[in-house]
Amino acid sequence: MNTLKTLLAGLIFLSASTQIFAINDNPEPIVKADYTAILSTKKTKKEFPYKQVISFYPAKAFANYMMGGYERQVGPKHIFKVTAGYANFTDQNLQTSFNNDLQNFSALRFDLMFKYFIGKNARVFNGLYFSPYLSFKNANFQYDDFNNFNGTVWEDGQAQSIAGGFVLGFQVPIGESFTVDAFVGNAMIKSTGDYKQASRFMDSYRNAIGLISGFSFGFGF
């Protein structure tokens with residue numbers, strides 16, 4: 001009888017141990033973090049809804065320039081931009097020095113850019129970009145260099161300037177239809193004619209390798 005009880009107790013213990021330490025043939029799936037979903041929730045850059053932008057340069061008004069630009073998307077990350085400007089005034093009221101005075105000033109200007117927006121998931125019209133830069137301008141005017149002791153003597157002058165280089169810029173959309181664009185860079189600048197007399201505030205003529213910059217406000221269509 002004692003042997004039977006011992007055997008029965010052993011079977012009960014063995015059965016309980018098997019239940020406790022049994023391997024689960026159908027385990028519950030282990031929940032892992034879905035990093036793809038987490039990353040997809042990260043805020044992505046806004047895609048500008050338009051492929052074309054008309055730009056204006058408010059700062060150039062200080063140099064009596066009326067400047068406007070046209071931008072168009074020409075690739076997944078590329079934009080081509082052309083800018084034209086016109087200046088015309090009778091009396092000079094904004095100058096860089098007191099070496100001369102100007103009147104009857106008229107000028108034309110053209111700029112070209114080919115913007116490449118930087119980044120694997122770059123959006124055109126929204127982000128950092130790199131661009132070659134080319135600018136040409138021509139001016140006709142009259143100047144007085146203050147070297148005459150017999151009063152004001154106006155002399156005819158003309159100047160040309162061409163600049164070529166590279167810029168780094170940043171453009172962002174404002175709302176659904178507008179953009180703000182600013183760039184800065186270096187360019188080789190070559191000027192000829194009476195360029196020293198033509199140099200004015202926000203409209204310099206010089207021979208140098210120097211800083212160039214720009215700022216524009218635009219709207220898409």
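The values are calculated or read from the model by the stated rules, or taken from the named source; none is laboratory data. Keep in mind that this is a model prediction, so the values were computed, not measured. Note that each Cβ is placed from the backbone with ideal geometry, even for glycine, and that neighbours are counted across all protein chains shown.
Data table
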| quantity | calculated |
| --- | --- |
| Hey, Asn26 at pLDDT below 85 and under 30 Å from Tyr195 (Cα atoms) or not | no |
| Every residue from the stretch 64-110 that is at pLDDT below 95, out of contact with any Lys or Arg (no Cβ under 9 Å at 6 or more places or on another chain) and either part of a strand (DSSP E or B) or under 22 Å from Thr152 (Cβ atoms) (or both) | Asn88, Phe89, Thr90, Asp91, Asn93, Ser97, Phe98, Asp101, Gln103, Asn104 |
